[in-house]
Amino acid sequence: MGHRLTFVCSLGLLLTVPGWSDDNKDLGSLTLEQLMDIRVEGAALHPQSLKDAPASVTILTAEDIRKYGYRTLGEALGSVRGFYTGNNRTYHTVGVRGFNFPGDYASRLLLMVNGHNMADNVLDFELFFGRDFPIEMNLIQRIEIIRGPSSALYGSNGVFATVNIITKSPVEAGPPSLTTDIGSFGLKEGQVMAAGSLGKDVKVLFSGSLFNNSGESPLFFPEFNAPATNYGQAVRMNGEKGYHFFSNLVWRNWNVTAAFADRKLIQPISWGPTIFNDRGTSINDARNYVQAEYTREIAGGALRWRTYYDAFHARSRFDYPLDSSAASGLGIEDTGSRSWATSWGLSLTTVSIWPTSVP
């Protein structure tokens, strides 16, 4: 069980920190009418109450994340009815209603952050549910889980469910803080977060974190239980390290978000007949995006203009034996692969809400 040490420092002389809202109340204390008035954005491209949302929706608030101690997005989603998680020692995966095929990597689940699609733009997989997810859990204001298909609204992936993560605004983030995590399996993580006002209606939020984790050791794989392969014991073969950076700038009708993340993982087992218990086999993923959004209320509805830049970079190394009969690491074929893709796009959405009258 990991242990968390949190140190909150006051930087009032450097930043003017506005008060943050108390929107994340315990849902158990709300009445049925109050629960139905909770706002959700992902169900129909615009904010609406739960009673108006045309779908079955579950919401996890920041208070839920704090109360139950969810350390990763996968842990949070694993607590939701109809969702379950898996781990193939490279990526965490999320399944819905019994569907989670090996190698499928949640391609039938749409994952978004503030409406931005988080699927990689090479294979269109949803790969990031563990510590490789680029947003720290204490930056999440709520998680909206919308069951059912949404491809008509968002395109591919939205087959079984849509997960839309709403991050905290600079006003909701709270005071500047330094947070450190020390846990089992050599986990070490540190995060610095600050939010404040720069004047003239400009509010900003910055968060940066580093993590390093030696992983569980040894790991036992019964299919390799032989003297030549260390009796199936993979020693120090599950470590990962990386960083996350997130920022949000709000100015009048503008909302600009940027996220940069990198994670390197040693693979205890990999794709194909790699050398067992060899620390050279690894994968390195980088996931970055910048999104600018302009929202304006218009008569009878709202107008939203959004543009984004997206980048995904995967670098892998695979160590194979030169002689397939040589179970030891003597004679190594060092094979590497690299995937790099960038994309950009823009969208214009108008929402009209027509009043209804009952005769």
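Using +1 on the beta carbon of Lys and Arg, -1 on that of Asp and Glu, and nothing else charged, what's the dipole of the range 225-308 about the Cα centre, debye to 20?
160 debye
Got a sec? Charge dipole of the range 178-229, +1 on Cβ for Lys and Arg, -1 for Asp and Glu; which of Phe221, Leu187, Phe211 is way out at the positive end?
Among Phe221, Leu187, Phe211, the one farthest towards the positive end of the dipole of the range 178-229 is Phe211.
Once you keep just the Cα pairs under 8 angstrom separated by 6 or more residues, what percentage relative contact order results for the range 248-293?
The normalised contact order for the range 248-293 reaches 46 percent.
If I compute solvent accessible area with a 1.4 Å probe over the protein chains, what percent of it on the range 237-292 is carbon and sulfur?
Exposed carbon and sulfur together represent 59 percent of the surface.
Please find the FRET efficiency linking Val235 to Ala292, where r is the Cβ-Cβ separation and R0 is fixed at 41 Å, and quote it to the nearest 0.05.
After rounding to 0.05, the efficiency reads 0.30.
For the range 186-228, give the percent of accessible area contributed by carbon and sulfur heavy atoms, probe 1.4 Å, rounded to a whole number.
63 percent
The values are calculated or read from the model by the stated rules, or taken from the named source; none is laboratory data. Fair warning: this is a prediction, and the values are worked out from it, not measured in the lab. Every residue, glycine as well, gets a Cβ built from its backbone with ideal geometry; the counts of neighbours run over all protein chains shown. Remember, those area values only see protein heavy atoms, side chains included, never the ligands or the DNA or RNA. Shrake-Rupley method; radii C 1.70, N 1.55, O 1.52, S 1.80 Å.
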